[in-house]
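Novice: The structure under discussion is supplied below as structure tokens; questions concerning it will follow.
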Amino acid sequence: AQSVSQHNHHVILSEAASLELGCNYSYGGTVNLFWYVQYPGQHLQLLLKYFSGDPLVKGIKGFEAEFIKSKFSFNLRKPSVQWSDTAEYFCAVNMYSSASKIIFGSGTRLSIRP
Amino acid sequence: EAGVTQFPSHSVIEKGQTVTLRCDPISGHDNLYWYRRVMGKEIKFLLHFVKESKQDESGMPNNRFLAERTGGTYSTLKVQPAELEDSGVYFCASSQLRASGSNEQFFGPGTRLTVL
């Protein structure tokens with residue numbers, strides 16, 4: 001069965017700390033990979049996506065993620081977090097070149113201490 | 001361009017009652033999806049429409065849930081009768097219909113359903 005695993009349920013960091021959120025997926029085929037973010041009181045929005053090409057993907061607000069096919073991983077990183085990065089982050093996957101359903105991880109709540 | 005909209009934003013009903021959620025996709029998006037997040041759990045797929053046709057309804061939990069998309073524009077999701085375990089946030093998403101290539105889904109703000 002397809003699944004997405006996020007390693008951390010809740011991460012607490014101080015401002016300027018570096019961030020890495022782990023994500024592993026289980027999917028029998030070529031995939032599209034996503035990180036979504038939900039800021040308090042706001043919509044779920046796309047942070048970055050990987051469809052093909054360079055496995056290091058740059059997203060909005062200084063985030064990046066690296067697709068490592070051999071490890072079935074798509075970890076999210078940011079070198080220096082800000083208080084405004086406080087949000088819930090979701091790793092997700094769907095079948096490559098498809099309009100199929102997205103499979104989400106359980107989410108990681110990120111709290112940034114000012 | 002307007003995004004995906006959902007109505008209502010919140011709904012509080014009693015067990016056994018009926019609730020209808022509405023989703024308006026981005027104009028021109030033929031793909032429409034429903035997802036649900038029960039508190040503390042992951043966001044789970046419910047159903048996928050392509051225009052007015054149900055492409056994949058493998059995530060619908062049981063026959064108390066009925067989704068429609070008459071005319072291929074907006075969609076409704078009816079829960080009848082509602083049970084306590086139906087509480088959660090219901091998200092709608094839409095995407096363009098493409099023959100190939102990437103397919104980004106755009107999400108609405110969600111409807112928070114509370115069943116008492």
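Values in this text are rule-based calculations from the coordinates and carry no lab data. Since the structure is predicted, the reported quantities are computational estimates derived from the model, not experimental observations. Here Cβ is always computed from backbone atoms with ideal geometry, including for glycine, and neighbour counts include all displayed protein chains.
Novice: Take the cross-link list A:LYS69/B:LYS54; B:LYS15/B:LYS41; B:LYS51/B:LYS78; A:LYS101/B:LYS51; A:LYS101/B:LYS54; A:LYS49/A:LYS78 and give me the ones stretching past 23 Å between alpha-carbons.
Specialist: A:LYS69/B:LYS54
Novice: Another one. Once phi is turned into θ = phi - 60°, what whole-Hz ³J(HN,Hα) does the Karplus curve with 6.51, -1.76 and 1.60 give for every residue of the stretch B:28-44, x standing for Gly and Pro?
Specialist: Rounded to whole hertz, the list is x, 8, 7, 8, 9, 10, 10, 10, 9, 10, 7, 3, x, 10, 7, 6, 10.
Novice: Order of B:ASP86, A:ASP54, B:ASP30 from fewest to most other C-beta atoms within 10 Å?
Specialist: Final ranking by Cβ density, sparse to dense: A:ASP54, B:ASP30, B:ASP86.
Novice: Could I have the simple spin-label model distance between A:ARG109 and A:HIS9, label points 7 Å from Cα toward Cβ, reported in nm to one decimal?
Specialist: Here the modelled spin labels are 1.0 nm apart.
Novice: Just rank B:SER53, A:SER3, A:SER100, fewest to most, by other beta-carbon atoms within 10 angstrom.
Specialist: B:SER53, A:SER3, A:SER100
Novice: So, with +1 on the Cβ of K and R and -1 on the Cβ of D and E, and no other charges, what is the size of the charge dipole of chain A about its Cα centre, to the nearest 20 debye?
Specialist: 120
Novice: Using amide H atoms built in the peptide plane, which far-off residues or other-chain residues are under 5 Å from A:GLU15 H to H?
Specialist: Hits under the 5 Å cutoff: A:ARG113.
Novice: Here is a follow-up. Residue-wise, which Karplus ³J(HN,Hα) couplings in Hz belong to the stretch A:81-94, taking 6.51 cos²θ - 1.76 cosθ + 1.60, θ = phi - 60°, and x for glycine or proline?
Specialist: 7, 10, 4, 5, 7, 4, 4, 10, 10, 10, 8, 8, 8, 8
Novice: Only sites in a loop by DSSP and with at most 12 other Cβ atoms within 10 Å count here; which trypsin sites (Lys or Arg not before Pro) in the stretch B:17-61 make the cut?
Specialist: B:LYS41
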